[in-house]
Amino acid sequence: MKGSVIIVSFFIAGICLGSQGWLPAFLLENDRTLYALYALMFLVGVSLGSDRKLKEIVRSVRVRILLVPLATIIGTLAGSALISIVLVKLSLADCLAIGSGFGYYSLSSVFITQYKGAGLGTIALMANIIREIITLLGAPLLAACFGPLAPISAGGATTMDTTLPVITRYSGKEWVFVSIFHGIVVDFTVPFFVTFFATLL
């Protein structure tokens, strides 16, 4: 929750500084989000590559565990496609691009801003932050009503880090491995799905 508040605070600060013209001209004249995106992708790679648990997780993966991230991806994209019927101002591709952030707001919003503009990037940021907050606050209810896999699926890409503590608490320690594996797989798909849908007309 604290991380989400910090991200939103920086976002609001950027809006305020940009609208008031308090930033240096070189930041406003050139699109710096592309360089931020390169740096972000590099850091994601470093984070995954340096994770010592990753090799253990890959070695001990069973085929059935792959169904959990697969269900999350299919369910999220199906839900995003359905909501596009209601949100008439957003195209199917836009809704799918936003949904395929899977809660990874920092990466997906930068990608979408790069391809579709700041307006859709802002929607992606808020939608994916809300997904994380719903998981953090709703994990007890989700686990009680729909079972231990529900908070994991709801958490999307965040289940390997920010939402892992609440998942451990309400789904049980025996689901920690599944949660981490789920987060890694879904996290890995975000750049591919977001860029694919964001480049569609």
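The values are calculated or read from the model by the stated rules, or taken from the named source; none is laboratory data. If you're wondering where the values come from, they're calculated on a predicted model, not measured in any experiment. Here Cβ is always computed from backbone atoms with ideal geometry, including for glycine, and neighbour counts include all displayed protein chains. These accessible areas exclude ligands, DNA and RNA; they are computed on the full protein's heavy atoms, side chains included. Shrake-Rupley method; radii C 1.70, N 1.55, O 1.52, S 1.80 Å.
Here the simple spin-label model places points 7 Å from the Cα toward Cβ, and for residue 20 and residue 177 these points are separated by 5.3 nm.
Multiply the residue separation of residue 88 and residue 144 by 0.36 nm, subtract the distance between their alpha-carbon atoms, and state the gained length in nm to one decimal.
Details: separation 56, 0.36 × 56 = 20.16 nm, distance 3.45 nm.
Length gained, residue 88 through residue 144: 16.7 nm.
Remark: the range 135-201 carries 46 Å² of accessible area per residue (probe radius 1.4 Å; ligands, DNA and RNA excluded).
Once the cut-off is 17 Å, how many percent of the Cα-Cα pairs in the range 75-201 end up in the long-distance tail?
Details: 4316 of 8001 pairs.
Here the tail beyond 17 Å accounts for 54 percent of pairs.
The phi-based Karplus calculation (6.51 cos²θ - 1.76 cosθ + 1.60; θ = phi - 60°) puts the 3J(HN,Hα) values of the range 67-81 at 5, 5, x, 4, 5, 4, 5, 5, x, 5, 5, 5, x, 5, 5 Hz, whole numbers, x for Gly and Pro. To put it simply, the accessible area of the range 82-169 at a 1.4 Å probe is 73 percent carbon and sulfur. The stretch between residue 65 and residue 43, if pulled fully straight at 0.36 nm per residue, gains 5.3 nm over its current Cα-Cα span. The mean sequence distance of close C-alpha pairs (under 8 Å, at least 6 residues apart), as a share of the length of the range 81-201, puts its relative contact order at 30 percent. Amide H contacts of residue 104: 157, each under 5 Å away and 5 or more positions distant or on a separate chain (H built 1.01 Å from N in the peptide plane; Pro and chain starts excluded).
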